[in-house]
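The values are calculated or read from the model by the stated rules, or taken from the named source; none is laboratory data. Bear in mind that the values here come from a model prediction, so they are computed numbers and not experimental data. All Cβ positions, even for glycine, are placed from backbone atoms using ideal geometry, and neighbour counts span all protein chains on display.
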Amino acid sequence: MATLKQKETVNFKLIIIGLIIFFGIIFFVDLQPGKPEVTYTAAIAFLMAFWWISEALPIGITSFLPVILFPLLGILNGKAISNAYINYVIFLFIGGFLMALAMEKWNLHKRIALKVLSIVGGSPFMILFGFMFSAAFLSMWMSNTATTMMMLPIAFSVSTALEEVHGKAKIKTFVVGLLLAIAHACSIGGIATLVGTPPNLSFMRIFEIMYPGGPSISFGQWITFALPITIIMFIFTLFFLYFVYKPKEKIEKLDKSFFRDKYIALGKVTAEQKRVFVLFIILALLWVFRTDINLGIFNITGWSTIFKHPEFLNDGTVAMLIAVILFIVPSTKKNEALLTWQITKKLPWHIVFLFGGGFALAKGFIDSGLSTYIGGLLTNAGSLSPTALVASLTAVMSLLTEFTSNTATTEMILPIIGGLANEIHVNPLLIMIPVTLAASMAFMLPIATPPNVIVFGTGKLTMLHMMRTGFFINLMAIIVITVLTMIWGTIIFDIDPNVFPDWATQTVNIAKP
């Protein structure tokens with residue numbers, strides 16, 4: 001679950017530059033004569049994008065611009081735009097994050113990582129595998145940033161042990177590969193679940209806003225589609241990093257007892273860890289099997305069908321159910337549950353507001369007609385084959401997210417992609433889903449993702465290290481996402497690449513001003 005480090009300072013020069021751009025568009029640009037709301041929405045979008053990317057203001061504060069500017073400029077009334085800020089996706093994020101905080105509070109995440117490493121052993125290849133598997137698995141359910149921070153001390157202890165046995169010169173290159181493996185595994189694991197990374201949740205809500213009559217995307221559907229992509233990318237990245245960064249000389253493997261001793265040092269499994277782990281498993285199973293899962297060959301009936309109104313239930317309901325239970329189930333401490341209200345201070349509220357600002361902006365794109373306008377400018381893309389279209393848009397998003405926040409970029413781009421789908425009559429899911437996945441596939445630059453920033457900050461690798469491996473991993477990600485979207489995604493999400501669905505047609509008619 002990728003999080004963004006909140007910046008506390010402000011940059012007044014960047015604030016002024018953003019305002020100059022904003023007022024310049026308002027007074028000197030007329031995108032669609034007779035429809036000033038199109039231009040006004042574009043101005044707001046540019047201002048938000050500039051302040052988000054440059055972090056001139058804290059991103060959570062920038063996210064409040066729609067609730068101020070849309071009513072002032074006559075685009076949407078305050079009540080309508082305020083409603084966009086809170087929805088079930090927000091509760092899905094909060095519930096999932098509270099579970100992550102429970103795992104962190106009782107040290108369950110560290111126990112999981114050390115247990116995996118004590119099993120896989122200490123050869124250079126298996127060390128890479130163990131760290132990558134632990135990081136990828138944990139990132140499916142909790143913060144990428146927290147996972148990276150948790151894995152680094154373990155990685156440093158492993159590298160120190162290797163240095164003591166073999167000398168720094170022999171394993172210097174391998175340590176670089178190990179750090180990159182942790183960072184990249186966090187990004188790769190995050191795409192597998194809806195709560196694994198914020199862009200996935202952004203897609204859920206923006207798609208629902210743009211296509212209220214469209215199909216509901218369940219947790220089970222998403223993981224069934226995205227997990228194969230995670231597995232393929234995991235295997236490729238593991239072997240690629242090992243090939244590039246394996247020790248130049250043959251070294252003896254680190255005995256499994258190294259990790260076993262550290263695991264034993266944690267002490268016995270506590271009652272709290274057992275209870276949190278059970279609730280974690282229940283949460284995952286409830287998410288995965290809530291709705292029917294169509295695997296093409298057979299169908300798995302979802303548990304929600306036992307209720308009179310299964311359509312009333314969503315993944316946010318499940319997340320908050322388990323979150324509430326975490327506050328009820330007692331710990332061994334007197335009068336204290338597994339979670340207390342104090343822990344909510346650790347919730348990344350700036351991300352919650354970022355979601356809300358993106359959802360509000362998406363609503364403004366649609367209601368003002370800006371989404372349709374931009375989609376019309378991109379109609380030349382309609383001449384591409386479905387596969388070429390998916391590959392092109394995935395590549396563009398993969399490049400953009402190297403330089404900007406993946407969440408903020410997703411919030412900006414998805415409404416435009418939706419408008420494009422409407423104009424060229426392509427199933428919106430066919431291009432919105434791969435673009436969403438591409439937002440998390442950024443491996444080349446330190447600024448691309450929080451895990452990249454963290455490992456780069458150790459001072460043990462250079463920009464060149466990250467770029468020379470990241471380029472090929474990015475390229476592989478574009479290929480894998482494109483191929484699996486066209487082959488597997490079309491089955492899971494019932495997409496016909498050559499058919500524009502009725503629910504999208506109806507939405508286009510509603511959305512047009």
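Screening SER54 against (1) of a type outside the set (D, E, K, R); (2) under 27 Å from LEU347 (Cβ atoms); (3) surrounded by 18 or more Cβ atoms within 10 Å (Cβ to Cβ) leaves a single unmet condition, (3).
Give the residues of region 425-459 that are in a loop (DSSP other than H, G, I, E, B) and either among the hydroxyl-bearing types (Ser, Thr, Tyr) or on the phi < 0 side of the Ramachandran plot (or both), sorted by residue number. It would help to see each step written out before you state the result.
Of all residues in region 425-459, those in a loop (DSSP other than H, G, I, E, B) come to 425-427, 441-445, 449, 457-459.
Matches in region 425-459: VAL426, ASN427, MET441, ALA442, PHE443, MET444, LEU445, THR449, GLY457, THR458.
Residues that are small (Gly, Ala, Ser), touching a residue at least 24 places away in the same chain (Cβ under 8 Å) and closer than 23 Å to ILE282 by Cα within region 325-366 comprise just one, SER331. Looking only at residues in region 417-437 that are over 15 Å from MET204 (Cα atoms) and of a type outside the set (D, E, K, R), the one that is surrounded by the fewest Cβ atoms within 10 Å (Cβ to Cβ) is HIS425.
In region 413-424, the residues that are at negative phi reach residues that are surrounded by 24 or more Cβ atoms within 10 Å (Cβ to Cβ) and among the β-branched types (Val, Ile, Thr) with C-beta atoms within less than 6 angstrom, at least six apart or across chains, in these pairs: LEU414/ILE206; ILE417/ILE431; ILE417/VAL435; ALA421/ILE431.
If you check LEU295, LEU361 for being of a type outside the set (Gly, Ala, Ser), more than 19 Å from LEU98 (Cα to Cα), surrounded by 20 or more Cβ atoms within 10 Å (Cβ to Cβ) and at pLDDT below 90, only one passes: LEU361. Looking only at region 463-471, decide whether some residue is assigned to a helix (DSSP H, G or I), aliphatic (A, V, I, L, M), farther than 30 Å from VAL244 by Cβ and modelled with pLDDT under 95. There is no residue in region 463-471 that is assigned to a helix (DSSP H, G or I), aliphatic (A, V, I, L, M), farther than 30 Å from VAL244 by Cβ and modelled with pLDDT under 95. When residues in region 304-330 are screened for being at pLDDT 90 or above and closer than 24 Å to MET140 by Cβ, 9 of them pass.
Under the condition of being assigned to a helix (DSSP H, G or I) and of a type in the set (Gly, Ala, Ser), which residue from region 7-37 is farthest from ALA56 (Cα to Cα)? Filtering region 7-37 for residues that are assigned to a helix (DSSP H, G or I) and of a type in the set (Gly, Ala, Ser), the one farthest from ALA56 (Cα to Cα) comes out as GLY24.
Each row is one residue, and each column tells you yes or no for (1) assigned to a helix (DSSP H, G or I); (2) free of Cβ contacts under 8 Å to residues at least 24 places away in the same chain; (3) over 22 Å from SER371 (Cβ atoms); (4) polar (S, T, N, Q).
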{"site": "THR39", "(1), (2), (3), (4)": "yes, yes, no, yes"}
{"site": "PRO66", "(1), (2), (3), (4)": "yes, no, no, no"}
{"site": "LEU92", "(1), (2), (3), (4)": "yes, no, yes, no"}
{"site": "ALA113", "(1), (2), (3), (4)": "yes, no, yes, no"}
